[in-house]
1. Which value, in Å² and to the nearest 10, is the accessible area of B:PHE319 when all protein chains are kept and the probe is 1.4 Å?
2. Looking only at other chains, what is the average number of their beta-carbon atoms within 10 angstrom of each beta-carbon in A:70-82?
3. A:GLU124 label points, 7 Å along Cα→Cβ, one per copy: pairwise distances from this copy to the rest in nm, shortest first?
4. Solvent-accessible area per residue for the range A:59-158 at a 1.4 Å probe radius, Å²?
5. Kindly provide log₁₀ I(q)/I(0) values, in the same order as q = 0.11, 0.14, 0.21, 0.23 Å⁻¹, from the Debye equation applied to equal alpha-carbon scatterers of the range B:199-289.
6. Quick one: helix B:72-87 against the long Cα principal axis of chain B, what's the angle to the nearest 10°, folded into 0 to 90?
7. Tell me, what HN-Hα J-couplings in whole Hz come from the Karplus equation 6.51 cos²θ - 1.76 cosθ + 1.60 at θ = phi - 60° for each residue of the range A:134-140, using x for Gly and Pro?
8. Just how far, in whole angstrom, is the range B:24-94 from the range A:259-324 if you go by their alpha carbon centroids?
There are 2 protein chains.
Amino acid sequence: MATIYQVSELAGVSLATVSRVMNNNARVSEATRNKVLAAMEQLGYRPNSIAQSLASNRSNSVGILVSELHGPFYGEMLSGIENECRAAGKHVIIAAGHSEEASEKDGIEFLISRSCDALILHVEAVSDDYLIKLASGNMPIVLINRFIPRLANNCISLDNELGGYLATKQLLQQGHKQLAYMAGPMWKSDAKERYNGHLRAMTEHGLSFNPALLAEGDFQDSSGSACMQQLLAKGLPFTALVCANDEMAAGAMEVARTHGLNVPYDLSIVGFDNLILARYIYPKLTTIDYPIGEMGRMAARWVLKNIYQQQALQLKNVFEPVLVCRDSASAIAAG
Amino acid sequence: MATIYQVSELAGVSLATVSRVMNNNARVSEATRNKVLAAMEQLGYRPNSIAQSLASNRSNSVGILVSELHGPFYGEMLSGIENECRAAGKHVIIAAGHSEEASEKDGIEFLISRSCDALILHVEAVSDDYLIKLASGNMPIVLINRFIPRLANNCISLDNELGGYLATKQLLQQGHKQLAYMAGPMWKSDAKERYNGHLRAMTEHGLSFNPALLAEGDFQDSSGSACMQQLLAKGLPFTALVCANDEMAAGAMEVARTHGLNVPYDLSIVGFDNLILARYIYPKLTTIDYPIGEMGRMAARWVLKNIYQQQALQLKNVFEPVLVCRDSASAIAAG
DNA sequence: TAGTATTATGTAAGCGCTTTCATTTATAGC
DNA sequence: GCTATAAATGAAAGCGCTTACATAATACTA
């Protein structure tokens, strides 16, 4: 690989000048610039970004920590971030935190040691305090899918409460009166908020929520099945089910089917997230769209604006989910 | 951030000694080592990996290029690679190539400029010649999901032909005699190979393939629908359909349903890839498992063995797909 | 116990860039 | 034509490490 030194020699200028034309951050005469560019071209020169980072203490790369690299959710998010960054000439360095505290911290330290210019974090296991402390250091961070009041400006989050509300309201407007709710793990704030939205919609429609029709799962497909079994076993009537996410909805739907229930005629189901699978399961799932790709882009824009001085960008911290109507929820059957 | 210099000062030793205990690559007396470790601990020292990379020309990180960051396929692959690398203390730097030649080349150059120790590439648009040339340089590469004879040792691939064969054979053994085939884009080697496997199975069972029952799609779900329409429109009878991937199978299944065909009773369908969605669509898809996560791990192991001297590892270059029986294919109805 | 082989540590020269500061060259003003 | 100012370039000191190579300390041999 050619170095800047060889370029400078071939072009007959100093190192500093070559650096200037590369970075375009100081005046260089047109003639010299052309000589340098020609030399670069001729040598197939590519700056060594490691050396650039070391010397400039900037790396033009943003670190991303996600829980997992697989799964529809993170994929969309990463993709959103990467697209936005690449368009701005920034690169991404990705680490996985596996939802474990030690692993998340380790990932963060790795990204820091890699001289990232900023971090976009999707962390679950690490405490608010840790993040607040981290944010007070000199590595800029933006949190995705997590809201910490003291770090409000650094958070890109979804209005989960509204999502829960919308899902429920749709069913109520379709005439359902007996609704069951399948929650995510209540210690997770998003699960709790979605549930709160559900309650608000119920109250608003003058319905009281029957605690016997609440089941708490863990956001996994299998727990959707298990919860559905439980709900069915109680023998209480319900014509609609709102699930705190799509995967549980898929699990629930399968159990419903094996119990001879026809979705949506016997039972309407609405999910949350609008994962790819929502379009594949049968009947297609009515759900709440979680614009995670868009949120990823926004996190990237936050970095571009705040770290890379792209002032013009408009930011938005809280996203509003929207209802996606498909086939799994319908007006209640007459009679 | 503390630097090695501060550590050396606090420990009362030279830079070199600190470096030695960090890298554990030269003898240091037990006493000194402890002093150094204590100093590191006290300062919360973390080596700056950028500086390490620059000085050592090794980065302890492997570069990965995938077509996209989203989608079930790449997620599994990335996850497999990351797990294996992390366990060995290596890190991953990920770039997306978006299946475009310029973008793939750009991604590769970025990874090189980041001083990766090796590259794991999932590239589609770039030519064999480019890769052969790249491989002859001094950046080690391993290709995933692509087989180039001259680079056979650097390729981790799947026996697609066998997969096509197995999918078809399953149907034949279930008594089907009239099979349609929905292919991927034939210019892609995997699409072609899968199709060849199909033909082999047909021949082996003494059946001749009817070209009218072949449709060529583009591996997308929508083209699965379109192809299914075409096949149905011809009015030729067929009781089974083998699809070159799951997404097309999903599209096809949907069209079959709207045409009043009951899968699997009226029509058996088998897919290829065993994506997550295969478990979610209804009926659950019988398909060929593509162990992409495992192949990702293997690519990582290739790097660990060949670049990081972990001699003990066993490598495997070609993976054999296996049939996963679910509900979308069944024995042909009597009569 | 001198002489040699080992082991432990230090010195200093880079790695390929960026960036400050000094210097040279061009442009303008009178 | 001569100074005052601005524009273009160069020289050189790092960035935080690794790694020859040199040196000092210790252990072994006869």
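The values are calculated or read from the model by the stated rules, or taken from the named source; none is laboratory data. Every value quoted in this text rests on a predicted model; they were computed, and no experiment measured them. Counting neighbours? That spans all protein chains shown, and the Cβs are built from the backbone with ideal geometry, glycine included. Surface areas here come from the heavy atoms of the whole protein model, side chains and all, with no ligands, DNA or RNA. Shrake-Rupley method; radii C 1.70, N 1.55, O 1.52, S 1.80 Å.
1. 10 Å²
2. Details: counts 15, 6, 6, 2, 5, 10, 4, 2, 8, 7, 2, 1, 7.
The mean count of partner-chain Cβ atoms within 10 Å per residue comes to 6.
3. 3.0
4. Working: 3240 Å² over 100 residues.
Here the per-residue accessible area is 32 Å².
5. So the normalised log intensities work out to -0.28, -0.46, -1.04, -1.22.
6. That helix lies at roughly 30 degrees to the long axis.
7. My calculation for the range A:134-140 gives 4, 5, 7, x, 9, 9, x Hz in order.
8. 34 Å
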